[in-house]
Each structure stands twice: as structure tokens, then as C-alpha cells.
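Rule-based calculations on the coordinates, nothing more; no lab input. In this text, all values refer to a predicted model and were calculated from it rather than measured experimentally. FYI the Cβ positions are ideal-geometry reconstructions off the backbone, even for glycines, and counts take in every protein chain you see.
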Amino acid sequence: SARRGRLPPVLEPKSKGVEVQIRPRRMDEVAEQGVAAHWAYKGVDGNRLNTDRQSVYVFTPTGDLRRLPFGATVLDFAFSIHSEVGCHCVGGMIRGQHVSIRQVLQNGDQVEINTSPNQHPTADWLNFAASSKAKNKIRQALKEIEYKQAAEGRELLERRLKNWKIDYDEKQVTKLALKLGYKAISDFYQALASRKEGV
């Protein structure tokens with residue numbers, strides 16, 4: 001017998017487990033037809049309906065409802081979960097299909113995020129992120145990456161100069177960076193870190 005609040009597992013004839021989803025009528029309407037259809041059914045006036053065309057409503061794998069700006073992508077959804085999930089997002093699953101981080105979400109989508117520890121934000125993510133939260137977190141992550149690269153580049157240069165028995169002189173390095181066309185010494189250090197200069 002089932003305990004109160006828990007149902008026994010549902011089995012098909014060959015004793016294989018079957019997933020059963022039970023959702024209230026409102027959740028079913030939102031999942032199948034979108035939030036606007038639910039509001040129209042409840043008799044909400046057209047002004048409120050037009051106002052909410054600025055949003056899209058999607059579900060987490062556990063059924064939690066998330067509201068995102070219209071045009072939001074899988075990447076926006078990932079950042080709505082947690083900034084670390086967003087920074088390492090490589091794609092997602094919607095209706096059993098693998099989708100890219102650029103996939104635009106539709107009302108009622110149930111989204112599962114795929115991550116990789118090797119994935120990091122790039123500047124082009126700002127071109128398809130729709131939410132201000134995602135854009136702010138991407139900018140913050142890019143600044144942290146730039147700062148780390150600049151520190152690595154400076155360390156690399158100092159090590160090389162030391163091996164060549166040359167004293168590090170920041171004024172001279174700044175002059176060199178400007179002469180090579182860099183706007184700031186930090187840009188030069190970043191280039192060194194990414195081996196662009198081959199120093």
C-alpha cells in the first residue's frame with residue numbers, strides 16, 4: 001500500500017517502470033499553450049496579455065516555473081539557475097533534443113542544462129543573451145578572465161626576462177606595449193598569455 005502522499009510505482013506489463021507526470025490544470029495549460037492561453041482562458045483583459053508578451057515561461061527539470069525575458073536563450077536559463085551553471089553551459093535538452101546555448105526558448109519548454117568545466121564565457125555570448133542578469137554575469141566573468149590572463153602574461157614576461165638576466169622595468173614594458181599598438185599594458189600581457197606575441 002502507498003504511504004500517504006506517495007504513490008506506488010507504475011509498471012507496464014513487462015514490469016518496466018513508466019514515468020508519470022501529474023500536473024495541475026494551470027501548469028498543463030502553460031506547458032501546452034503558454035501563459036497567454038491560460039490568462040485568456042481565465043478572462044484576463046487584452047492589455048495584461050500584451051504586457052506579458054515581453055516574457056517567456058519555462059520549466060526546470062523538476063517542474064519549477066521560471067520567467068525570462070522574451071527572446072531568452074538556453075544560456076539565459078542557465079544563468080537564471082546559477083552564475084557557475086551559466087559560465088560552464090555548453091547546451092541543453094528540450095523535449096528530448098540536444099540544443100545549443102543560442103536556442104531561443106518557447107513558453108512551456110522544460111529545459112535541462114548541460115555543462116562542462118572546460119567551457120568559459122566568450123565575448124560573443126553577449127550577442128545572444130537576452131536577460132540583464134546573464135549579460136552582467138558574462139561581463140563580470142570576461143573581466144575576471146582578462147585579469148587572470150594579464151597576470152599570467154606579466155608573470156611569463158618577468159620569468160623570461162629573469163632567464164635572460166634582464167631587470168623588469170614596467171615603464172619600458174609600457175612603452176613597448178604602446179609602440180606595438182596595444183592600448184594598455186594589460187592588453188599586452190593578455191596577448192603574451194595567449195602566446196600571440198610568441199615572447
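Given +1 at the Cβ of Lys and Arg, -1 at the Cβ of Asp and Glu and no other charges, the dipole of region 49-155 around its Cα centre is 260 debye to the nearest 20.
Over region 109-188, what is the mean sequence separation of C-alpha contacts under 8 Å (at least six apart), divided by residue count, expressed as relative contact order in percent?
Values: 30 pairs, mean separation 15.5, N = 80.
It comes to 19 percent, rounded to a whole number.
A Förster radius of 30 Å combined with the Cβ-Cβ distance from Ala123 to Glu152 puts the calculated FRET efficiency at roughly 0.95.
Select from region 156-197 those chymotrypsin sites (Phe, Trp or Tyr not before Pro) which occupy a DSSP coil region and have at most 10 other Cβ atoms within 10 Å, ordered by residue number.
Details: sites: Trp164, Tyr168, Tyr182, Phe188, Tyr189; in loops: Trp164, Tyr168, Tyr182.
Of the chymotrypsin sites (Phe, Trp or Tyr not before Pro), the ones in loops of region 156-197 whose Cβ has at most 10 other Cβ atoms within 10 Å are Trp164.
Between Lys162 and Ser116, the modelled label-to-label distance comes to 3.5 nm, taking each label 7 Å out from Cα in the direction of the beta carbon. Okay, which of region 92-131 sit inside 17 Å, backbone N to the point 7 Å along the Cα-Cβ direction of His82? 112-121, by backbone N distance to the label point.
Available extension along the chain between Ala184 and Val90 is 30.6 nm, counting 0.36 nm per residue and deducting the alpha carbon span.
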